[in-house]
Amino acid sequence: MVDVVVVGGGVAGRAVAAACSDIGLQVALVAMAPRQGWGNTYSSWLDELPAALPDSTLAAVMPRMRSFGTTWHEWSRAYAVLDNTQLWKHLWRPEVTEVAGRVVAAEHGATGSTVVLQDGRRVATAVVIDASGSARVLLGGRPPRTPTEQTAVGAVFHASDVRGVLDNARTGVFMDWHPAPRTRGGWPTFLYAVHLDDDRVLLEETALARRPGLPLALLRRRLAARLEALGIDPDSSIAEERVKFPLDDPLPRPGRVVPFGAAAGFVHPTSGFSVARALRQAPWVAAAISAGLTSSPAAAARAAWAVLWPPRVAAAHLLHRQALRALLHVPPDGVPEFFEQFLSLPHRHQKAFLAVEGDAAETSAAMSELFRRAPWRLRRRLLLAGLPGGVPIAQRGFGKA
């Protein structure tokens, strides 16, 4: 029997497994391929990453990010792209037992829980953590509805082949809402461009939020058209990246299984960021479990749940969900204008709204300022979507977002 079983080998799973191991808990991590690396690009505002994260885990840091709604804006806030290999090494612990297999169920009792694998194997533990991402394998699976999704298709190039897209290694493009050439209406998409290291650049066509998500084939065509207009041969790319994940999954209900990462609703509803929050919160969840285990496994699970969503952060999450609904009500030709208003806000409001662990008061202030500055034609759309306003989180609780 171990103290903690972590289901899932992504960044969130590895982070919470490492944090639990570091404070002396016996940990098992279960994943289909525990030693498999991570293929997607993970990034974050540098100031939101844990201070203890070593510089070796940062593949690239851009001190400035530019964005275009209907005019250009620049933000001198450092943006980091993570080095997946170095991050995996940083989070790997030899003391963590790795189990290859598919988890199908968890059984709970007064003295602990048992994780059941598809092949019949069983792993006894005190506490179960579901870090299986949007699959939520021990939290009821996918919700029975069409999610709002972020989708993207990216191409990786040698930096020397795409000169002119990024001015230099000190600047990235957070979002560029110039329409892709030959786009015939439909939901708008933007270009995201960052340095992956000294030699490689990622150019990505992104649909920020749509229900259902825009097809990857459409995004691939738009990216190719945009690259050709920039004088870049799409066929000269050295790798392709594909992105698709839900933005509006409901927060899970408290129980004996502790969710973590995307499974816990960490995905920011309007930006899609989640990795920085998982890295920041892993030590807190581990400490709560360790303290709770002095009483009982059930107490440990309750203690972990208590630190996942403090009231101010949960309230901010509901406001972000409200902003997501408002964005979906904006007509396609009004989306760039919507983001022009956001990009024109004082940087303190932008930072507060994009925070991975938002504060309700600061988020509300940012949304109110955006509404105040918006032209009446945009305000009408926002009012129809219920922005500003909303029901306080204290009156709603988990599982009802």
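The values are calculated or read from the model by the stated rules, or taken from the named source; none is laboratory data. Treat the numbers as computed from the prediction; the structure is a model and nothing was measured. Reconstructed Cβ throughout: ideal geometry from the backbone, glycine too, with neighbour counts over all protein chains shown. Remember, those area values only see protein heavy atoms, side chains included, never the ligands or the DNA or RNA. Shrake-Rupley method; radii C 1.70, N 1.55, O 1.52, S 1.80 Å.
The condition of being in a loop (DSSP other than H, G, I, E, B) and either in contact with a Pro (Cβ under 6 Å, 6 or more places away or on another chain) or buried (at least 19 other Cβ atoms within 10 Å of the Cβ) (or both) holds for only one of G24, G9, that being G9. As a summary of the residue check, T151 satisfies the conditions (1) outside any strand (DSSP E or B); (2) hydroxyl-bearing (S, T, Y); (3) touching a residue at least 60 places away in the same chain (Cβ under 8 Å) except for the one numbered (1). For segment 63-74, a tally of residues being open to solvent by less than 10 Å² (accessible area, probe 1.4 Å) and outside any strand (DSSP E or B) returns 1. In the set (1) free of Cβ contacts under 8 Å to residues at least 12 places away in the same chain; (2) more than 19 Å from W45 (Cα to Cα); (3) not in a strand (DSSP E or B), the condition left unmet by T114 is number (3). The residues on offer are A51, A15, A33, and the sole one that is surrounded by fewer than 22 Cβ atoms within 10 Å (Cβ to Cβ) and assigned by the TED database to the domain that holds R256 is A33.
May I ask you to verify whether R77 is in a loop (DSSP other than H, G, I, E, B) and open to solvent by less than 20 Å² (accessible area, probe 1.4 Å)? Answer is yes for this residue. Put simply, of S56, S44 the only residue that is farther than 30 Å from A124 by Cβ, assigned to a strand (DSSP E or B) and small (G, A, S) is S44. Of all the criteria given as (1) under 19 Å from the mean Cα position of the chain (by Cα); (2) at pLDDT 95 or above; (3) open to solvent by 20 Å² or more (accessible area, probe 1.4 Å), the one not satisfied by G120 is (1).
Candidates W177, W92: the one that is assigned by the TED database to the domain that holds W305 and among the aromatic types (F, W, Y) is W92.
Among the residues of segment 188-247, those identified as surrounded by 20 or more Cβ atoms within 10 Å (Cβ to Cβ), in a helix (DSSP H, G or I) and in contact (Cβ under 8 Å) with a residue 12 or more places away in the chain are L219, R222, L223, R226, L227. Screening segment 154-169 for residues that are open to solvent by 60 Å² or more (accessible area, probe 1.4 Å) and closer than 11 Å to R200 by Cα and picking the one that is nearest to the chain's Cα centre (by Cα) gives A169. Just one residue in the set A135, A169 is outside the structural domain of L208 (by the TED database) and touching a residue at least 60 places away in the same chain (Cβ under 8 Å); that residue is A135.
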